[in-house]
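The values are calculated or read from the model by the stated rules, or taken from the named source; none is laboratory data. Owing to the predicted nature of the structure, the values given are computational and were not obtained by experimental measurement. For neighbour counting, all protein chains shown are included, and Cβ atoms are generated from backbone atoms with ideal geometry for every residue, glycine included.
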Amino acid sequence: MTEQPEQPERAVRIERFADLVERARWLAHRPGRAVLGIAGAPGAGKTTLARAVVRAVLAGDPGAAAHVPMDGFHLADVELDRLGLRDRKGAPETFDPAGYAALLQRLRAAPGHADGPVYAPAFDREIEQPIAGAVPVHPECRLVVSEGNYLLLDTPSWRTVRPAFDEIWFHETDDALRQERLVARHVRFGKTPGAAREWVQRTDEPNARLVERTRRSADLVVACTDFPA
């Protein structure tokens with residue numbers, strides 16, 4: 001796997017949720033439809049942040065925002081088994097980045113009302129599988145918020161993803177807290193505590209180190225903890 005080159009620090013740090021909401025609303029009120037990405041390591045709280053931003057935008061403008069998670073582009077277990085990648089589930093090579101980039105570009109096109117909604121996949125953690133056509137993005141939506149680990153990854157298979165976004169934010173979280181969340185998540189969805197800790201160290205943490213090296217490519221770094229769950 002190609003590692004990210006070191007880059008000079010350039011991202012602005014935002015420490016107040018209200019400032020993030022203001023920026024998201026600005027994106028939503030520009031001409032056309034904007035696509036906002038939230039990147040970060042596994043367990044950073046990207047989904048919680050994305051949902052909070054969408055709720056805040058919707059509170060002032062019903063229908064203006066939608067949440068489309070990158071996790072809907074996980075490869076199904078049957079394909080991971082065929083590729084011999086089941087024990088690396090969650091690594092960059094266990095997703096469909098080309099399909100994800102194609103959907104983001106389609107969403108950016110902002111279809112007219114006559115075209116109806118664009119449907120995106122979701123990821124069901126109860127069964128640990130992607131679900132096609134689970135997320136409707138209606139024509140009146142002006143801001144799509146999508147979160148995932150690898151939005152800024154500069155490797156051949158992921159390079160088409162970055163240009164599909166208007167902005168990408170990187171969500172920072174304390175490593176100890178992030179790992180605790182990951183263990184708790186794996187236990188909640190069926191692993192024993194020991195197996196959960198082993199999976200975090202063997203699979204999630206190498207992915208986290210890879211993602212951390214992409215932080216400097218973000219448009220801003222989110223360093224706030226005051227957003228609602």
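Inspect all residues belonging to segment 15-30 and state whether any of them is assigned to a loop (DSSP other than H, G, I, E, B), closer than 29 Å to Pro92 by Cα and either modelled with pLDDT under 95 or in contact with a Gly (Cβ under 8 Å, 6 or more places away or on another chain) (or both). Checking segment 15-30: at least one residue is assigned to a loop (DSSP other than H, G, I, E, B), closer than 29 Å to Pro92 by Cα and either modelled with pLDDT under 95 or in contact with a Gly (Cβ under 8 Å, 6 or more places away or on another chain) (or both). Taking each residue of segment 12-36 that is touching a residue at least 60 places away in the same chain (Cβ under 8 Å) and among the aromatic types (Phe, Trp, Tyr) and looking for partners that are assigned to a loop (DSSP other than H, G, I, E, B) and surrounded by 12 or more Cβ atoms within 10 Å (Cβ to Cβ) with beta-carbon atoms closer than 6 Å, six or more apart or interchain, yields Phe17/Cys224; Phe17/Phe227. Of the residues making up segment 72-95, those that are under 18 Å from Gly40 (Cα atoms) and free of Cβ contacts under 8 Å to residues at least 24 places away in the same chain number 1.
The criterion of at least 1 residues that are among the hydroxyl-bearing types (Ser, Thr, Tyr) is met by the following strands (runs of 3 or more DSSP E) wholly inside segment 87-192: 118-124, 143-148.
The set of residues in segment 189-201 that are free of Cβ contacts under 8 Å to residues at least 60 places away in the same chain, loosely packed, with under 14 Cβ neighbours inside 10 Å and not small (Gly, Ala, Ser) comprises Thr192, Pro193, Gln201. Of Val78, Val53, which residue is among the aliphatic types (A, V, I, L, M), on the phi < 0 side of the Ramachandran plot, assigned to a helix (DSSP H, G or I) and surrounded by 14 or more Cβ atoms within 10 Å (Cβ to Cβ)? Matching residue, one of Val78, Val53: Val53.
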